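The values are calculated or read from the model by the stated rules, or taken from the named source; none is laboratory data. Since the model is a prediction, treat every value here as computed from it, not as a measurement. Here the Cβ is made from the backbone with ideal geometry for all residues, glycine too, and neighbour counts use every protein chain on show.
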Amino acid sequence: MGRVVVFVPADRGQPGTLRPMDEPPVMLRPRLLAAGWSDGELRRRRRSGELVAVGRGGYLPATDPRLVEAAAAHALRIESGEPLRADDSVVSHVSAAVVHGLPVWNLPLDRVHRTRDRRTGGRRTPTAHLHAAPLDAGEVTEVGGRLVTTVARTLADIGRTAGFEQVVVLADAALHRRLVDPEALQQALLRAAGWRGVPAARRALEFADHRAESVGESRSRVAIARAGLPVPHLQREVSSGQVWLGRVDFAWPGVVGEFDGRVKYGKYLRPGQDPGDAVFAEKQREDRIRDEGLRVVRWIWDELRRFGEVSERLRRALAGGR
């Protein structure tokens, strides 16, 4: 079984880490039977909660931490196989995004997706979706010994079926990590010309920006656009004379916008520091920015769901208010 690397969110869809998923491997039924286990023993251990079934004939101890995170659990189901797997198919759609290590924020992970190069023959069950669609050799790559659709094809596929905000989160991350470039995305859209959902995919992928550095920043970009606010500059450097004050998430003339995700404070941690030190460092940074006459507007995760209050604060700041 190949080495799979997945994106593991830290909390509530916040940016997490990439980590290998190859230890310990999923325990597959044929190997367990060969090692002396019986089907009866497997059933008893599942009923008692000691083992959890993962995919088709795969098991893990219930204490395995990968079962807690949706993306990590999905990667395990890919690893263990699924009922609709076909020899001529490759991992695709949101499952490919998981394998590529992209943040699958707010995307359904109930089904493992695969695609094969056929015009017909797609099938779907509660746990798997086998797509039948044209698939060129150049749209397939290998990740950890597993065949998956390329990042460009993956984003085009998800872009045709998922919401605008979810697609922007994925595309921003892919561009920021240099897993894909805008030209490759355009080519993927051209190859899908005429397919259902391509206009929606084009809108989301053309909105994507490599400068967004987190799920929260990508969602903020969407919220700012939906509120009808002016387009901000991203990752703007702020200086006072020759003194560098820092880099801000969003900037307009005279106004700074900062998405205040808890992961942000990790940027300021030095060896031996604790999170309180990081918060204090951020407060000092903001004070220096305000001293330059810039108005600072902050928002947090919960406010992304009800951005109206934030947009009003930004409008007042842009109009010169406090």
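The strands (runs of 3 or more DSSP E) found entirely in region 125-198 include none that carry 1 or more residues being in contact with a Phe, Trp or Tyr (Cβ under 7 Å, 6 or more places away or on another chain), buried (at least 23 other Cβ atoms within 10 Å of the Cβ) and not assigned by TED's automatic domain parsing to the domain that holds residue 74. For region 210-249, filtering for residues that are among the basic types (Lys, Arg) and either under 22 Å from residue 294 (Cα atoms) or modelled with pLDDT under 95 (or both) leaves 4. The set of residues from region 113-124 being surrounded by 16 or more Cβ atoms within 10 Å (Cβ to Cβ) and in a strand (DSSP E or B) comprises 113, 114, 115, 116. Is there a residue being at pLDDT 75 or above, of a type in the set (Gly, Ala, Ser), within 29 Å of residue 213 (Cα to Cα) and not in a loop (DSSP other than H, G, I, E, B) anywhere in region 56-71? Yes - at least one qualifying residue is present in region 56-71.
Screening 112, 104 for residues that are modelled with pLDDT under 95 and in contact with a helix residue (DSSP H, G or I) (Cβ under 6 Å, 6 or more places away or on another chain) leaves exactly one candidate, 112.
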